[in-house]
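Have a look at the structure below before the remarks.
What follows draws every value from the coordinates through simple rules; no lab data is involved. Bear in mind that the values here come from a model prediction, so they are computed numbers and not experimental data. Cβ placement follows ideal geometry from the backbone for every residue including glycine, while neighbour counts extend to all protein chains displayed.
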Amino acid sequence: DSGVTQTPKHLITATGQRVTLRCSPRSGDLSVYWYQQSLDQGLQFLIQYYNGEERAKGNILERFSAQQFPDLHSELNLSSLELGDSALYFCASSVGTGEETQYFGPGTRLLVL
Amino acid sequence: EDQVTQSPEALRLQEGESSSLNCSYTVSGLRGLFWYRQDPGKGPEFLFTLYSAGEEKEKERLKATLTKKESFLHITAPKPEDSATYLCAVRGQGGKLIFGQGTELSVKP
C-alpha cells in the first residue's frame with residue numbers, strides 16, 4: 001500500500017458525459033501528479049500540482065482539467081468524454097517538486113461506452 | 001526530446017533462470033531514473049531510484065544499475081511471484097516522469 005488513495009476504482013459512463021476522479025496523496029506529500037495509461041500509449045503524464053498551484057502540464061486535453069484543494073487532495077475532471085478516453089487514470093504524490101520518488105495510487109479504470 | 005526505450009517487450013523465464021531487462025534513455029540532465037513494478041490492473045509499485053552513473057541498488061532478487069545511457073534491472077533466480085510488468089522512467093522537465101513501454105516478465109515454475 002503506497003498511502004495514495006483514489007476513488008472510484010471503476011467508472012462506466014457514456015460518450016459526452018463528465019466525470020470527476022479523486023485522489024488523496026500520502027500524508028506529508030505536497031505534490032500530486034496525474035497520469036493516463038492506455039494500451040497503446042503507456043503511462044503518460046497529464047498534469048502536476050504543488051501545494052494548490054499548477055506546476056507542470058503534459059499532454060492534457062482541453063476537455064480535461066484538475067485542481068488541488070487546501071487539504072491537498074486533488075480532482076481530475078474529464079468532460080465531453082469520448083471512447084478514446086477509456087483508460088486507467090493514476091494519481092501519484094511526492095514530498096516536493098525536486099528529485100523525490102513519486103508513489104502511485106491504485107488507479108481509476110474509466111470505461112466510456 | 002526526452003525518451004525511454006525498454007527491451008525486450010516481453011520475457012519468459014523458467015523459475016531460477018536469471019536474466020536482465022534493459023532501459024535506454026535520452027534526457028537533458030538526468031534527475032533520477034526510476035524502476036517500478038506493475039501488476040495487471042494495479043498502480044505502479046516503486047522499486048528503485050538511481051541518480052548517477054555507476055550507482056547500483058539491490059532488493060531481494062532484483063538489482064538495478066545505471067550508466068550514462070542505460071539502466072539494467074537484473075533478476076537473479078526469479079520466482080513465479082516476480083511475474084509483472086517492469087517499468088522504467090526518467091524525470092523530465094517540471095518533475096514529470098517519462099515512462100518506457102515496459103517489459104512484461106513471466107516466470108514459469
Residue-ordered couplings for region A:102-107, obtained by feeding phi - 60° into the Karplus form 6.51 cos²θ - 1.76 cosθ + 1.60 and rounding to whole Hz (Gly and Pro as x), are 9, 9, 9, x, x, x
The ³J(HN,Hα) series, computed from each phi in region A:67-79 with the Karplus coefficients 6.51, -1.76 and 1.60 at θ = phi - 60°, rounded to the nearest Hz and given as x for glycine or proline, is 7, 10, 8, x, 7, 6, 6, 10, 10, 10, 9, 10, 10
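What do you get for trypsin sites (Lys or Arg not before Pro) in region B:47-109 restricted to DSSP loop and a cutoff of at most 12 other Cβ within 10 Å of the site's Cβ? Don't skip to the answer; put the middle values down first.
Values: sites: B:Lys57, B:Lys59, B:Arg61, B:Lys63, B:Lys68, B:Lys69, B:Arg91, B:Lys96; in loops: B:Arg61, B:Lys68, B:Lys69, B:Lys96.
Answer by residue number: B:Lys68, B:Lys69.
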Taking placed amide H atoms and a strict 5 Å upper bound, the residues 5 or more places from B:Glu15 or on another chain that come that close are B:Lys108
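Work out how much length B:Lys63 to B:Phe46 would gain on full extension: take 0.36 nm times their residue separation and subtract the Cα-Cα distance, in nm to one decimal.
On the way: separation 17, 0.36 × 17 = 6.12 nm, distance 1.35 nm.
Taking B:Lys63 through B:Phe46 to full extension adds about 4.8 nm, to one decimal.
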For the B:Glu15, A:Arg22 Cβ pair and Förster radius 45 Å, calculated FRET efficiency rounded to 0.05 is 0.65
Computed ³J(HN,Hα) along region B:81-88: with the Karplus parameters 6.51/-1.76/1.60, θ = phi - 60°, integer Hz and x for glycine or proline, the list is 6, 7, 5, 4, 9, 9, 10, 10
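Taking loop as defined by DSSP and a crowding limit of 15 other beta carbons within 10 Å, which trypsin sites (Lys or Arg not before Pro) in region A:45-113 fit?
Passing sites in region A:45-113 are A:Arg63.
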Listed with the fewest Cβ neighbours within 10 Å leading, A:Ile60, B:Ile98 appear as A:Ile60, B:Ile98
Restricting to lysines and to Cα separations under 22 Å from B:Lys57, and discarding same-chain partners fewer than 8 apart, the set is B:Lys68, B:Lys69, B:Lys79
Flagged as over-length at 26 Å C-alpha distance, from A:Lys57/B:Lys59; A:Lys9/B:Lys96; A:Lys9/B:Lys63; A:Lys9/B:Lys108, the pairs are A:Lys57/B:Lys59; A:Lys9/B:Lys63; A:Lys9/B:Lys108
